[in-house]
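Here, each number is a calculation from the coordinates, and none is a lab measurement. On a predicted model such as this, the values are computed, not experimentally measured, just so you know. FYI the Cβ positions are ideal-geometry reconstructions off the backbone, even for glycines, and counts take in every protein chain you see.
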Ligand SMILES: C[S@@+](CC[C@H](N)C(=O)[O-])C[C@H]1O[C@@H](n2cnc3c(N)ncnc32)[C@H](O)[C@@H]1O
């Protein structure tokens with residue numbers, strides 16, 4: 001098995017800066033990638049197995065069902081997946097494309113290595129190149145002889161674009177166009193639906209989504225010598241229809257002061273520390289977003305209920 005890793009994870013000094021900026025903002029919010037240390041990645045994989053969270057199961061079924069049609073529309077090239085998680089989605093595409101090389105990006109170092117090793121066992125003919133990085137800051141894929149002169153095909157499933165605000169999503173899609181050297185992008189998004197179903201999906205009865213959010217505080221305590229009492233924040237997920245998004249937050253139970261990297265931060269009672277958003281895109285909104293980022297949607301595949309879609313994006317010019 002052939003797995004190679006390139007480590008471009010942000011340094012601790014960068015982490016301090018990111019946290020300072022995020023906690024100074026009102027409302028307080030850090031970038032979603034901070035949710036994914038090795039425990040965060042493990043908890044996210046468990047969220048995907050909860051009965052309330054159907055997105056992963058539906059997208060995998062759609063990929064399995066449409067892999068031949070999708071790969072024919074994508075054309076030949078090297079698959080580059082942004083935020084691979086446990087890499088449970090790309091297999092049918094690698095098979096259909098008969099790939100000799102797969103490039104997987106993720107911010108979570110241990111999870112990236114484990115995922116690529118697992119995928120490599122399934123696809124022994126495919127070289128696995130992992131890049132541990134924040135893809136929203138990456139200027140180019142690091143040079144690699146295996147990538148030289150190869151057409152690139154992007155894959156961004158899991159509705160992960162929904163973690164970004166509209167402007168940041170436009171910027172990310174523009175960046176992906178550069179990173180892919182104008183190759184195609186297969187983008188997975190899900191649509192708005194009943195608020196009750198969405199709120200349950202992001203606040204499962206087993207409490208895994210809550211543990212995932214709380215793990216952020218545990219991580220900050222560990223990496224920035226913090227003193228946050230995790231039990232003094234409770235988890236909340238609520239649908240915000242005007243922004244077509246779920247907002248996930250940790251809400252302070254009482255007035256409290258926390259310390260991170262030697263700096264004090266005060267929280268009011270009921271103050272929300274937003275851990276992430278998940279924006280849901282109608283087909284029309286997805287069309288507009290792609291257009292603003294310099295892409296056009298060439299084709300769309302969706303499940304029987306038209307909740308989860310895979311969009312084939314091509315450069316608009
Ligand atoms: C919502 S999960 C989706 C995982 C998988 N793609 C799926 O569809 O199930 C997001 C994944 O992207 C990674 N991630 C989040 N933000 C990232 C960033 N800015 N740069 C690189 N990876 C990121 C996380 O570590 C996690 O594995």
If you rank 295, 166, 265 by fewest surrounding Cβ atoms within 10 Å, what's the result?
-> 166, 265, 295
Want the number for residue 57 to residue 125: 0.36 nm per residue separation, take away the alpha-carbon distance, what's left?
-> 21.8 nm
Roughly what % antiparallel, to the nearest 5, for the DSSP beta bridges in the chain?
-> 60
Counting only C-alpha contacts under 8 Å and six or more residues apart, can you give the relative contact order of region 44-192 as a whole percent?
-> 23
Report the antiparallel proportion of the DSSP beta bridges in region 150-256 as a percent, rounded to a multiple of 5.
-> 75
Any idea what angle helix 12-24 forms with the longest principal axis of the chain, computed on alpha-carbon atoms, 0 to 90 degrees, nearest 10?
-> 60
Treating the angle as unsigned and between 0 and 90°, give the value, to the nearest 10°, between the Cα long axis of helix 283-292 and the longest Cα principal axis of the chain.
-> 80
Rounded, prolate or oblate: which fits region 1-52, taking a ≥ b ≥ c as square roots of the Cα gyration tensor eigenvalues, rounded meaning a/c under 1.5, else prolate when a/b beats b/c?
-> oblate
When 80, 230, 208, 19 are ordered from fewest to most other Cβ atoms inside 10 Å of their Cβ, what list results?
-> 230, 208, 19, 80
By Cβ neighbour count within 10 Å, fewest first, 257, 56, 110 rank 257, 110, 56
Find the relative contact order for the chain and round it to a whole percent, using C-alpha pairs within less than 8 Å whose residues are 6+ positions apart.
-> 21
Return the calculated 222 nm mean residue ellipticity for the chain, to the nearest 500 deg cm²/dmol, obtained by summing -39500 (n - 2.57) across DSSP H runs with n ≥ 4 and dividing by the residue count.
-> -11000 deg cm²/dmol
Which angle between 0 and 90 degrees, to the nearest 10, do you get for helix 208-223 versus the longest principal axis of the chain when only C-alpha atoms count?
-> 70
